[in-house]
1. Can you tell which of A42, A78 is aliphatic (A, V, I, L, M), open to solvent by 10 Å² or more (accessible area, probe 1.4 Å) and over 19 Å from A122 (Cα atoms)?
2. Would you call T177 within 24 Å of P82 (Cβ to Cβ) and surrounded by fewer than 22 Cβ atoms within 10 Å (Cβ to Cβ)?
3. Give the residue that is nearest to G133 (Cα to Cα), with candidates limited to residues of region 3-19 that are under 19 Å from the mean Cα position of the chain (by Cα) and among the small types (G, A, S).
4. Please find, within region 37-61, the residue that is farthest from R8 (Cα to Cα) out of those that are in a strand (DSSP E or B) and within 9 Å of the ligand (Cβ to nearest atom).
5. Output the qualifying pairs, or none if there are none: Cβ atoms under 7 angstrom, residues six or more apart or on different chains, first residue in region 56-76 and under 22 Å from M113 (Cβ atoms), second residue of a type in the set (V, I, T) and in a loop (DSSP other than H, G, I, E, B).
6. Any residue at all in region 199-222 that is in contact with a Ser or Thr (Cβ under 9 Å, 6 or more places away or on another chain), part of a loop (DSSP other than H, G, I, E, B) and open to solvent by less than 70 Å² (accessible area, probe 1.4 Å)?
7. Report the residue count in region 123-169 for those that are in a helix (DSSP H, G or I) and within 16 Å of the ligand (Cβ to nearest atom).
8. I need the full set of residues from region 1-36 which are within 15 Å of the ligand (Cβ to nearest atom) and without any contact (Cβ under 8 Å) to a residue 60 or more places away in the chain, in order please.
Amino acid sequence: MDLGIKGRRAIVCAASKGLGKGCAMALAREGVDLVINARTAADVDATAAEIRSATGVKVTAVACDVTSVDGRNRVLAACPEPDIVINNAGGPPPGDFRDWGRDEWIKAIDANMLTPIEFIKATVDGMMKRGFGRIVNITSSSVKAPIDILGLSNGARSGLTGFVAGVARTTVRHGVTINGLLPGPFATDRLKGTYRSRAQKSGKSFEEEYAAGARANPAGRFGTAEEFGAMCAFLCSVHAGYMTGQNILMDGGQYPGTY
Ligand code: NAP
């Protein structure tokens, strides 16, 4: 299927690895020029080079922390009029809410709620004026089914989801959609880190814990960044213009609800 977005420009945040990289690569395969970012310069440069050589599109790498004002300004300076924005950042750490003070909450809200909102604010009016735009927020399955130890994530991402539910209905008549893409367990560095600490606690090996986690998913495995990227690219396609304010769960069927 031709997604109809060849020649469009996209900002993909937090994209040197994992899900962000999966989205960047999938968009590039559709002929979308990219500005990608991540904090570690060597990694984001290497990913940019890999995407360029795999697809031939223009890829600009910006090494910055996307949760900072300066980082966002540098990304927007590299791509002031994007047609597509993929919002993403690292997730907050797990823990017990009794241990979190204002600083922990502000950090989580900054990264997983206010940063995407700032990008929406900076880009959505231009998209509407030009008559086309796609914004995808990478959130988490925890928006639908909260995970107790990830209270910071449950809270901050739900705030973003509630905000988007309102604004996404005001942009769609101007050709601009805003949707959430909710990962369940995907085989990325972050997930491996989670299983490494689980193994430390249980005394089992990482391999044992990781394989058991994969088996426990209804799909019998974890998702791949390529699968995640393909869904993201579809949401950014011309075919998805009648879909806005939705939260698309990709979790191998792990969420047990009927709806
Ligand atoms: P990952 O494999 O660890 O990759 C994270 C990427 O984001 C890296 O490129 C990292 O590069 C970049 N990054 C992190 N913080 C950043 C910041 N402040 N500014 C700019 N770039 C930043 O993680 P992932 O699994 O793809 O996860 C992506 C998001 O999905 C996270 O919010 C995570 O919580 C959420 N999620 C993931 C899963 C899963 O199973 N994988 C499930 C649910 C939710 P640098 O470190 O160099 O900045």
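1. The conditions single out A42.
2. Working: within 24 Å of P82 (Cβ to Cβ): yes; surrounded by fewer than 22 Cβ atoms within 10 Å (Cβ to Cβ): no.
Judged against the criteria, T177 is not a match.
3. It comes out as A10.
4. Result: A38.
5. Hits for this filter: R72/V66; V75/V66.
6. Within region 199-222 (the criterion being in contact with a Ser or Thr (Cβ under 9 Å, 6 or more places away or on another chain), part of a loop (DSSP other than H, G, I, E, B) and open to solvent by less than 70 Å² (accessible area, probe 1.4 Å)), the answer is yes, since at least one residue qualifies.
7. The qualifying residues number 18.
8. Quick first cut of region 1-36, residues within 15 Å of the ligand (Cβ to nearest atom) only: 11-26, 34-36.
Correct list: S16, L34, V35, I36.
The values are calculated or read from the model by the stated rules, or taken from the named source; none is laboratory data. In this text, all values refer to a predicted model and were calculated from it rather than measured experimentally. Every residue, glycine among them, receives a Cβ derived from its backbone with ideal geometry; neighbour counts consider all protein chains shown. Note: accessible area is taken over every heavy atom of the protein model, side chains too, but ligands, DNA and RNA are not part of it. Shrake-Rupley method; radii C 1.70, N 1.55, O 1.52, S 1.80 Å.
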